[in-house]
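The values are calculated or read from the model by the stated rules, or taken from the named source; none is laboratory data. Keep in mind it's a predicted model, so treat the numbers as computed, not measured. All Cβ positions, even for glycine, are placed from backbone atoms using ideal geometry, and neighbour counts span all protein chains on display. Ligands, DNA and RNA are excluded from the accessible area calculation, which covers all protein heavy atoms including side chains. Shrake-Rupley method; radii C 1.70, N 1.55, O 1.52, S 1.80 Å.
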Amino acid sequence: MNFEGAFTWALGIATLCMVLFIRAVFDWDFVIDLLCSKIRRSKKLKKMMEERETILAGQGLSKEKRQAFEEVLIPLTKGDKNLLPSRMDKIFRKETENQLQLLKDRGLRLEFYFAGVSSSGNFTKWNDGGREWREAELEGAILERFVTSSGNIIQEIYHNRGVMTIRQSRRIRHDDRKEKKQQYYEDLSIYCQSCGAELMLNTQEVNCPYCGAVISHKFFDWQMESFDFYTKISEIGEIFLLLSALWFFIFIVSWIGFLLYKISLIASIIVVLLAIAFPVWLLWHGDRQQENLKKQIVRYSESYLRTCINEALWQKEDKQNLLSFGIDKIKLKSVNHKGDKTYIRLKTTVSKTFLPNTGKPIHKKERMILWMERAKYPERVRNKGKVFEEKECPSCGANFMPDENNNCSYCGYGLRVYNGKWKLSE
């Protein structure tokens with residue numbers, strides 16, 4: 001085959017392979033976004049700007065799921081920490097309040113707009129350690145705006161495939177499954193967060209007779225444990241760069257293969273097939289490797305691992321100008337079991353947003369290799385009888401007053417040391 005003929009055949013083979021590759025890896029909606037990004041983005045932005053009763057109204061979410069997400073989104077858009085849910089994980093509350101305070105100090109607020117939101121099924125639920133947990137995820141096009149108090153937009157960030165995940169927990173309702181609500185609190189004692197006096201709970205709100213504090217007790221309500229916001233896939237520009245490199249590889253190798261036609265037909269066919277098969281094998285091998293590593297971890301949850309990484313790294317950060325801190329896609333590199341512990345090595349990208357005293361928000365991404373550890377069998381490994389020796393509940397922040405089951409008397413959180421949490425390993 002001559003030079004021009006080999007070029008033409010290689011061009012056709014490379015283009016056909018890329019079309020099939022994109023179709024196999026991504027759904028059609030993403031392919032259309034890839035090819036018609038500006039047109040699709042313009043339509044989605046127009047839909048986002050439609051007037052809605054609430055932030056997520058009209059997005060096809062159930063009322064319960066929509067309200068759960070809006071419990072976090074509304075305080076962020078209003079810039080008011082008083083609107084945060086009354087029951088939140090202590091560290092998550094600190095992180096959110098720090099974000100709201102920084103926005104207030106800079107005279108800014110956040111706005112979120114959504115289009116094409118999808119969220120399959122209802123909440124994913126499970127029981128663990130005397131608590132009921134639930135988790136929900138939504139995916140769609142998300143527009144994030146930084147707006148001044150006067151209404152001026154200083155920055156917009158468009159997430160073509162943004163993902164938001166919430167996780168909540170509550171004490172398992174043993175008493176209210178068959179009985180009426182007024183019996184939920186029968187013979188239940190709590191402790192005043194202000195003075196520590198023991199009180200009898202017979203309603204969801206009681207007044208302490210000793211110090212006058214009003215205790216709004218929502219013992220059986222859902223407690224917000226975490227809220228994660230990240231981009232599921234790379235930006236369009238990064239995807240184009242990756243696909244261009246892949247297309248160029250197939251084209252060059254195929255071109256060489258067709259040029260070898262004069263020397264050997266078999267060698268020509270083998271080289272062309274290798275050019276097509278090698279990228280496909282890399283993709284298949286990577287996916288299979290990830291699935292095998294996940295199967296080696298008992299009760300593996302990527303969303304929970306992301307939350308643990310976020311919490312561990314956020315506490316080490318300088319909070320002076322740090323607005324938000326997120327963990328993007330996680331790729332497991334290795335899994336090792338030593339004794340009763342599991343150690344993993346992973347690769348991820350940490351997204352940070354800083355708000356300096358002057359100027360626009362600064363966004364940075366840092367790729368990291370991390371080592372994490374936790375108990376091999378988290379549902380089995382609990383230190384019996386040992387409780388946190390703290391003045392505050394590690395979950396809700398109330399005064400440490402354990403009940404007869406060593407649970408927090410305010411939120412019902414199990415205060416026994418739980419080894420199912422991923423921690424940074426040295």
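Return the total of residues in segment 237-265 being at pLDDT below 70, of a type in the set (Ser, Thr, Tyr) and part of a helix (DSSP H, G or I).
1
Residues of segment 85-139 being under 20 Å from ASN310 (Cα atoms), without any contact (Cβ under 8 Å) to a residue 60 or more places away in the chain and basic (Lys, Arg), which ones?
Matches in segment 85-139: LYS94 only.
Among the numbered criteria (1) within 22 Å of the chain's Cα centre (by Cα); (2) assigned to a helix (DSSP H, G or I); (3) not basic (Lys, Arg), which single criterion is violated by ALA277?
(1)
Are there any strands (runs of 3 or more DSSP E) wholly within segment 89-153 with 3 or more residues that are open to solvent by 50 Å² or more (accessible area, probe 1.4 Å), and if so which?
Output list reads 108-118, 124-128.
Give me a count of the residues in segment 79-88 that are out of contact with any Lys or Arg (no Cβ under 7 Å at 6 or more places or on another chain) and surrounded by fewer than 17 Cβ atoms within 10 Å (Cβ to Cβ).
4
Considering (1) more than 19 Å from GLY420 (Cβ to Cβ); (2) modelled with pLDDT under 85, say which one VAL381 fails and leave the rest.
Checking VAL381 against (1) more than 19 Å from GLY420 (Cβ to Cβ); (2) modelled with pLDDT under 85, the one that fails is (1).
Given the conditions (1) modelled with pLDDT of 80 or more; (2) more than 26 Å from VAL163 (Cα to Cα), which single one is not true for SER268?
Failing condition for SER268: (1).
Of (1) part of a helix (DSSP H, G or I); (2) closer than 30 Å to GLU97 by Cβ; (3) open to solvent by 40 Å² or more (accessible area, probe 1.4 Å), GLU311 satisfies all except one. Which?
(3)
Given the structure, is ILE297 surrounded by 13 or more Cβ atoms within 10 Å (Cβ to Cβ) and either among the basic types (Lys, Arg) or farther than 30 Å from ASN98 by Cβ (or both)? I'd like the intermediate steps shown before the answer.
Numbers: surrounded by 13 or more Cβ atoms within 10 Å (Cβ to Cβ): yes; either among the basic types (Lys, Arg) or farther than 30 Å from ASN98 by Cβ (or both): yes.
Considered against the rule, which asks whether it is surrounded by 13 or more Cβ atoms within 10 Å (Cβ to Cβ) and either among the basic types (Lys, Arg) or farther than 30 Å from ASN98 by Cβ (or both), ILE297 comes out as yes.
Would you check if there is a residue in segment 221-233 being modelled with pLDDT under 65, farther than 30 Å from SER324 by Cβ, in a loop (DSSP other than H, G, I, E, B) and out of contact with any Ser or Thr (no Cβ under 8 Å at 6 or more places or on another chain)?
no
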